[in-house]
Amino acid sequence: MSGDASATDGGSLAPLEVAGSVAVVTGGANGIGRGIVRALLEADATVVVADVEQDVLDTTVAALSASHPGRISGVVTDVSDDDSTDALADHVFAAHGRCNLLFNNAGVGSGGGGRMWTHEPNDWRWCYSVNVFGVANGIMSFVGRMLQSGEPGHVVNTSSGDGGFAPVPNAGVYASSKAAVSCLTEALAHQLAEDSDLVGASVFYPSGGLMDTGLFTSQRNRPAELERVRGGTGRSSMTFQQMKDLLEKAGRDVKVADLDEMGRWVVECTARRQYLIGRDLESTVDLLHRRANAIGALDLPPHHQMGL
């Protein structure tokens, strides 16, 4: 099974024309989101970048506007707040009259790596408020309006192989949040297939190498009211370089992903309505077979090693 050809396509949905479309990307000011934004602009879409960091958002919009004038704008958005995602949708439909592509991409690390009994309630609240409620808020704010518009559209939710396919014991909070994204996206896709021949959904598993994104330092955006207060021992943060060094010390051959290339690939998969957007899935398929066998035997299924 090859990575790019492994997923089914959008079934009866016609391919999407990205050129001339209106796209929204949450968490779009840096990392994977910025790669998706750049790819959408290169494909002649109009893009609204939503991000919680004003300075980074302004910098990204200014930089990409230089080569794509008039087709990119930014809206400060806290996806964990449904009022904020509603305001984002209000802006998009007022300014552009439609939303064809919605990338629910914003995410954070858990801030609570380590044993689950060392986590604090605020670790769960913070991680789930962005990674799970953030996706749900995007769906609730946009999808009804996308259906009502009568325009072709597609929703892409960013999950992770670290949890989205199988649990990761040393990242229980983060991985379980991404498992929720996988589950809710599949449910959304089935519902849309029943209700619409214009709007569909996909789940995106970033893959192809270690990614130099803001996820490693997402603590910078952790709300004060959700800071750790109990002195838990879970890891609070790790930089990209620290993770790379740790993996190399463990003997891993670390490949660093090209996020701009990844963005182009995601947009291409979205345009053809590919449901599962993921690469290099051979080992994952083998793991899922082994998990199915263990479940059939009523045993504890094997878990997912922190994936690259």
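With each pseudo-label sitting 7 Å past Cα toward Cβ, what's the LYS255-ARG71 distance in nm, one decimal?
3.0
Can you give the extra length, in nm with one decimal, that the chain gains between ALA187 and SER12 once fully stretched, where that is 0.36 nm per residue apart less the Cα-Cα distance?
61.3 nm
Under 17 Å from a point placed 7 Å out from the Cα of SER283 along the Cα-to-Cβ direction: which residues of the range 163-179 have their backbone N that close?
Under cut-off, by backbone N: 163-171.
May I ask you to compute the full-extension gain from THR59 to ALA224, defined as 0.36 nm times their residue separation minus their alpha-carbon distance, rounded to one decimal in nm?
Between THR59 and ALA224, full extension yields an extra 56.9 nm.
Just the ratio, please: alpha-carbon radius of gyration of the range 22-281 over 2.2 N^0.38 Å, N its number of residues. Don't skip to the answer; put the middle values down first.
Values: Rg = 17.7 Å, N = 260, 2.2 N^0.38 = 18.2 Å.
In units of the 2.2 N^0.38 Å rule of thumb, it is 0.97.
Could you compute the net charge surrounding GLY35? Neighbours are other residues with a C-beta less than 13 Å from the C-beta of GLY35; K and R count +1, D and E count -1.
My count for the surroundings of GLY35 gives -3.
Count the net charge of all other residues whose Cβ sits under 13 Å from the Cβ of ALA179, scoring Lys and Arg as +1 and Asp and Glu as -1.
On the way: positive: LYS178, ARG291; negative: ASP162, GLU186.
Residues close to ALA179 contribute a combined charge of 0.
What is the sum of charges around VAL130, taking Lys and Arg as +1, Asp and Glu as -1, for the other residues whose C-beta is under 11 Å from the C-beta of VAL130?
Combined, the nearby Lys, Arg, Asp and Glu give 0.
Taken together, the values in this text are just the output of simple stated rules run on the coordinates, not laboratory data. Being a predicted model, the structure only gives us computed values, none of them experimental. In this analysis, Cβ positions are derived from the backbone assuming ideal geometry, glycine residues included, and neighbour counts consider all displayed protein chains.
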